[in-house]
Amino acid sequence: MTFEAPGYKRNLKQVMDAFDRHCNPKKNDSVERYKFFSRFRNPGEWLEKFITDLKLLATTCNFGDLKDSLVRDRIICGIQDKQRREDLLKDPCLGLQR
């Protein structure tokens, strides 16, 4: 960890800030979004796990108000059953909760 002030001039806030920078480096939106959009449902994977993973990945993407709709869209894209996917795409009011 690096500090701006020498040891004898540091206070707790400076130490905590340095610790946060060290443990939680700034995220690269492009990398985080790549991880999100590259996530597909694996064969045999429980739908609940897939949805949970998508929601977790979306938290670091800075999607803002689009987060829920993008998670919903990735879920739809991950559905292997063509007929079920088409049925979901026909619903103009389909939300993440539904």
| message | Can you say whether residue 84 is of a type outside the set (A, V, I, L, M) and open to solvent by less than 80 Å² (accessible area, probe 1.4 Å), as far as the supplied structure shows? | response | no
| remark: If we keep only residues of region 33-49 that are assigned to a loop (DSSP other than H, G, I, E, B) and of a type outside the set (Phe, Trp, Tyr), then the residue most open to solvent (accessible area, probe 1.4 Å) is 43
| query | Which one of these is assigned to a loop (DSSP other than H, G, I, E, B) and at pLDDT 90 or above: 2, 60, 52? | reply | 60
| query | Of the residues that make up region 63-71, is at least one surrounded by fewer than 11 Cβ atoms within 10 Å (Cβ to Cβ) and part of a helix (DSSP H, G or I)? | reply | yes
| message | Show the residue pairs meeting these rules: Cβ distance below 6 Å; 6+ apart or different chains; first residue within region 27-51 and farther than 14 Å from residue 77 by Cβ and free of Cβ contacts under 8 Å to residues at least 40 places away in the same chain; second residue assigned to a loop (DSSP other than H, G, I, E, B) and open to solvent by less than 80 Å² (accessible area, probe 1.4 Å). | response | 27/60; 32/60; 32/61; 33/61
| remark: When every residue in region 7-32 that is open to solvent by less than 80 Å² (accessible area, probe 1.4 Å) and either in contact with a Lys or Arg (Cβ under 6 Å, 6 or more places away or on another chain) or of a type in the set (A, V, I, L, M, F, W, C) (or both) is compared, the one nearest to residue 81 (Cα to Cα) is 31
| said: Restricting to region 72-98, name every residue that is of a type in the set (D, E, K, R), free of Cβ contacts under 8 Å to residues at least 24 places away in the same chain and assigned to a helix (DSSP H, G or I). | reply: 73, 82, 84, 85, 86, 87, 90
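The values are calculated or read from the model by the stated rules, or taken from the named source; none is laboratory data. No experiment lies behind these values; they were computed from the predicted model shown. Reconstructed Cβ throughout: ideal geometry from the backbone, glycine too, with neighbour counts over all protein chains shown. Please note that ligands, DNA and RNA were not included when accessible areas were found on the heavy atoms of the full protein model with its side chains. Shrake-Rupley method; radii C 1.70, N 1.55, O 1.52, S 1.80 Å.
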